[in-house]
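> Let me begin by handing over the structure; questions about it come next.
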Amino acid sequence: QGDIKPIANIIEPPKTWLDYLPYALLITVLLSALSGFVWWKRRPKIIAEPNLPPTPLLPPHTLAQQQLLHLDQKQWWQQGKVKQYYTDLSNILRQYIEARYQKPAMEQTTDEILQSLDNQLSNNELQNLKDTLLVADMVKFAKATPTVEQHIAALQNAQQFVKDTQKMELEEITPTQ
């Protein structure tokens, strides 16, 4: 039989990326679980509101008048936020028109609004609305800079438009005696 030879060392095959795949998958799963836990802890908490009685809906003209007063108190144009002022002013009028005349004013252009209301408004009411919305469009889209008088007139025209077009809620009928 021959001489007994010592045991040879184990020869390891070269490592490939497949050898590291289980470790990469484990790290990915752990990082995903950790990021999910962090997100879950930081998510905004939804606080259930107590069941309050619903607030009564205000008539469109009252709501618009309150919003115009609030807009005036914010003093956006005095602070240099002219675009914000006219955006809010335009939105208040458009929401009022939607509620008062059931027109999709938020999705319509100024010309479409004026055309759709042409037969429902007097010339003076239509002119007040047109003046206000056109100045607002010029500020929002053409970066116009109105004068102080135009700022004041725009708000006054909006207030006058709402006042002139408000729907009288069941006018009081006094019985004749």
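The values are calculated or read from the model by the stated rules, or taken from the named source; none is laboratory data. Since this is a predicted model, take the numbers as computed values, not measurements. Methodologically, a virtual Cβ is constructed for each residue, glycine included, from the backbone with ideal geometry; neighbour enumeration extends over all protein chains shown. Calculation scope for accessible area: heavy atoms of the full protein, side chains included, ligands and nucleic acids excluded. Shrake-Rupley method; radii C 1.70, N 1.55, O 1.52, S 1.80 Å.
> Are any of the residues in segment 123-133 of a type outside the set (Asp, Glu) and touching a Lys or Arg at 6+ places or on another chain (Cβ under 8 Å)?
Keep residues of segment 123-133 that are of a type outside the set (Asp, Glu), which gives 123-124, 126-130, 132-133.
Now narrow it down to the ones that are touching a Lys or Arg at 6+ places or on another chain (Cβ under 8 Å): none.
The answer is no; no qualifying residue exists.
> Ala99: open to solvent by less than 20 Å² (accessible area, probe 1.4 Å), assigned to a helix (DSSP H, G or I) and touching a helix residue (DSSP H, G or I) at 6+ places or on another chain (Cβ under 7 Å), yes or no? Let's see the steps before the verdict.
On the way: open to solvent by less than 20 Å² (accessible area, probe 1.4 Å): no; assigned to a helix (DSSP H, G or I): yes; touching a helix residue (DSSP H, G or I) at 6+ places or on another chain (Cβ under 7 Å): yes.
The answer is no for Ala99.
> Could you tell me which numbered condition Leu57 fails, if it satisfies all but one of (1) of a type outside the set (Gly, Ala, Ser); (2) open to solvent by 90 Å² or more (accessible area, probe 1.4 Å); (3) at pLDDT 90 or above; (4) under 30 Å from Ile152 (Cα atoms)?
The one condition Leu57 does not meet is (3).
> Criterion first (part of a helix (DSSP H, G or I) and surrounded by fewer than 16 Cβ atoms within 10 Å (Cβ to Cβ)) does Gln84 satisfy it? Walk me through it before giving the result.
Details: part of a helix (DSSP H, G or I): yes; surrounded by fewer than 16 Cβ atoms within 10 Å (Cβ to Cβ): no.
No: the conditions fail for Gln84.
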